Amino acid sequence: MYGKVRGVFVMGWILIGTSKDQLTEKKYGFIYELFVLEQFRGNGISKPLIDSGIEHLKQDGYSEVRLSVYAGNQAIKLYEKTGFKNRTITMSMPI
């Protein structure tokens, strides 16, 4: 986990790790969580967190990074600007 700190305040963090493709069993880097405290949102904190997470995964030898995000999440635009593309769609319905 990597965080962005201002003085003694944690402004946000990213949690990265490894996952494995269910079909090919190929391992890849995964962003499990990206969070910025509400009072610090809109200040450009997320992008450096993503960049440092991706750099760490590259240094660990991964050639791909994935993440999951809920439809409608405002961070989707940031992920797309960073270079992420839609890979799968998960659908649900209440029963």
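Where a number appears in this text, it was derived from the coordinates with a stated rule and is not lab data. What you see is a predicted model; the values in this text were computed from it and never measured. Cβ: placed from backbone, ideal geometry, glycine included. Neighbour counts: every protein chain shown.
Under 14 Å between C-alpha atoms is the cut-off here; go through the chain and count lysine pairs that meet it, provided they're at least eight residues apart or on different chains.
Close lysine pairs under the 14 Å cut-off: 5.
Looking at the range 16-95, what % of its DSSP beta bridges pair antiparallel, to the nearest 5?
Approximately 60 percent, going by the DSSP bridge assignments.
Provide the packing ranking of 63-73, 9-19, i.e. peptides ordered by the mean count of other C-beta atoms within 10 Å per residue, highest first. Walk me through the numbers on the way to the answer.
On the way: 63-73: 12.2, 9-19: 16.5.
With the highest mean Cβ count within 10 Å placed first, the list reads 9-19, 63-73.
I need the phi-derived Karplus couplings for the range 56-71: 6.51 cos²θ - 1.76 cosθ + 1.60, θ = phi - 60°, integer Hz, Gly and Pro marked x.
Once θ is set to phi - 60°, the couplings for the range 56-71 become 4, 5, 4, 4, 7, x, 7, 9, 8, 10, 10, 8, 10, 8, 6, 4 Hz.
Grab the DSSP H runs of the chain that are 4 residues or longer, score each as -39,500 (n - 2.57), total them, divide by all residues and round the 222 nm result to the nearest 500 deg cm²/dmol.
Calculated at 222 nm, the ellipticity per residue is -7000 deg cm²/dmol.
If you plug each phi of the range 45-52 into the Karplus form 6.51 cos²θ - 1.76 cosθ + 1.60 with θ = phi - 60°, what whole-Hz ³J(HN,Hα) values come out, in order, with x for Gly and Pro?
Running phi through 6.51 cos²θ - 1.76 cosθ + 1.60 with θ = phi - 60° gives 7, 4, 4, x, 5, 4, 4, 5 Hz.
Amide H neighbours of Tyr32 under 5 Å, counting only residues 5+ apart in sequence or on other chains, H built in-plane at 1.01 Å?
Leu15, Ile16, Gly17
Please express the shape of the chain as an equivalent ellipsoid: the semi-axes are the square roots of 5 times the eigenvalues of the C-alpha gyration tensor, given largest first in whole angstrom. If you can, show how the numbers build up before the last one.
On the way: eigenvalues 114, 71, 26 Å².
After scaling each eigenvalue by five and taking roots: 24, 19, 11 Å.
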